[in-house]
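Visitor: Here it is: the structure, laid out below.
FYI, it's all coordinate maths here, none of it is from the lab. The structure presented is a predicted model; accordingly, all values stated were derived computationally and were not measured. We place every Cβ from the backbone using ideal geometry, glycine too, and count neighbours over all the protein chains shown.
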Amino acid sequence: MNRSPQVAIVILNWNGRTFLQEFLPSVLSATYAHYAVIVADNGSTDDSIAFLQATYPQVQIINNGQNYGFAKGYNEALKRVESDYYILLNSDVEVSPGWIEPMVILLESNMQIAACQPKILSYHNKTMFEYAGAAGGWLDKYGYPFAKGRVFDICEEDKGQYDQEEPVFWASGAAMFIRASVFHEMKGFDEYFFAHQEEIDLCWRIQLAGYKVFSCPAATVYHVGGGTLPKGNALKTFLNFRNNRIMLYKNLPFRKKLWVMPARNVLDVISAFKGLLSGDVGYFKAVIRAEIAFKKWWLFHRKRSTFPSTSNGVLHGYLNRNIIWLYFVKKLRIFSQIVKKTK
């Protein structure tokens, strides 16, 4: 590296005073020379801002004024942050010493790499991968996300099996390192998503534009997870299903769209009725609501969404198989098994 680029660690906060109190000390202990810590507040009603002002005056505060969600919350905040790189960091993340340097070195070594993520382990069990990204995100041909070290609800123990620095499909929004120039070139996150899977959509558009997304396991963070919307929450289910369908429609080439979209519709309806038969009425309602919401988006809102600017890039971390079949029928539960069996 000929120079030391500026890094802005931007933490989006909504009523997360407890997390800020617990995890900001680790963030502020970074060993990297040129970094700033910024908290973008999404209209918190707790004492987050007062706590920061009193305890951490060195932390810059951007007040969004209202809860814009993850997507617009970051878009609005990053309009006001000048830096070479952004680290989008959840408030419920503990970072390890020296975590910034490997990511800076990686992106400085190759201008084609636009974004990366560190290895994400569980805060509560630090030998296990964490759900939100693990060692780097993948996507199957029907749009189902999974990760190196996490397939559906199965999280593996970290034994160094995914310590290779390599291209992936998506970097987790819990700890995403991204070139500021590329973030703005892509027009940021699609604000219609509000929250959930907007980072996968962004990484898909990044790849279609000719850039790459990487895993950077030399950097490690520890994520609590479920801090804003816990697992099983009906709104989380709704947003995941709705946003995933929107993402597919936006980014798939026309020919694939013709058969993938109807297939996903069938798979989602099956999933909804499976939930209903198991007694989870909330899940059933959330999935059906998401189906209806996708159709409303297509009719009334799609022209305002952020579509890919080009479609010339090569997709990495893409599984040209159905992960549901492999997981539930073939009983392949481990990422390395799935990739090995399908090569």
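Visitor: Return the calculated 222 nm mean residue ellipticity for the chain, to the nearest 500 deg cm²/dmol, obtained by summing -39500 (n - 2.57) across DSSP H runs with n ≥ 4 and dividing by the residue count.
Guide: -11000 deg cm²/dmol
Visitor: With a sphere of radius 12 Å drawn around the Cβ of Asn90, what net charge do the other residues whose Cβ falls strictly inside it have (Lys, Arg +1; Asp, Glu -1)?
Guide: Result for the local shell: -4.
Visitor: At a Förster radius of 30 Å, what calculated FRET efficiency corresponds to the Cβ-Cβ distance of Ser96 and Gln66, to the nearest 0.05?
Guide: 0.35
Visitor: Next up: What order do you get for 137-144, 286-293 when each peptide is scored by the mean count of other beta carbon atoms within 10 Å, highest first?
Guide: Descending mean neighbour count gives 137-144, 286-293.
Visitor: The list (i) 135; (ii) 168; (iii) 145 gives values of volume of the Cα convex hull per residue in Å³, and only one came from this structure; which label was calculated from it?
Guide: Here volume of the Cα convex hull per residue in Å³ agrees with entry (i).
Visitor: What is the range 162-281 by shape, rounded, prolate or oblate, if you read a ≥ b ≥ c off the alpha carbon gyration tensor as root eigenvalues and call it rounded for a/c under 1.5, prolate for a/b larger than b/c, and oblate otherwise?
Guide: Verdict is oblate for the range 162-281.
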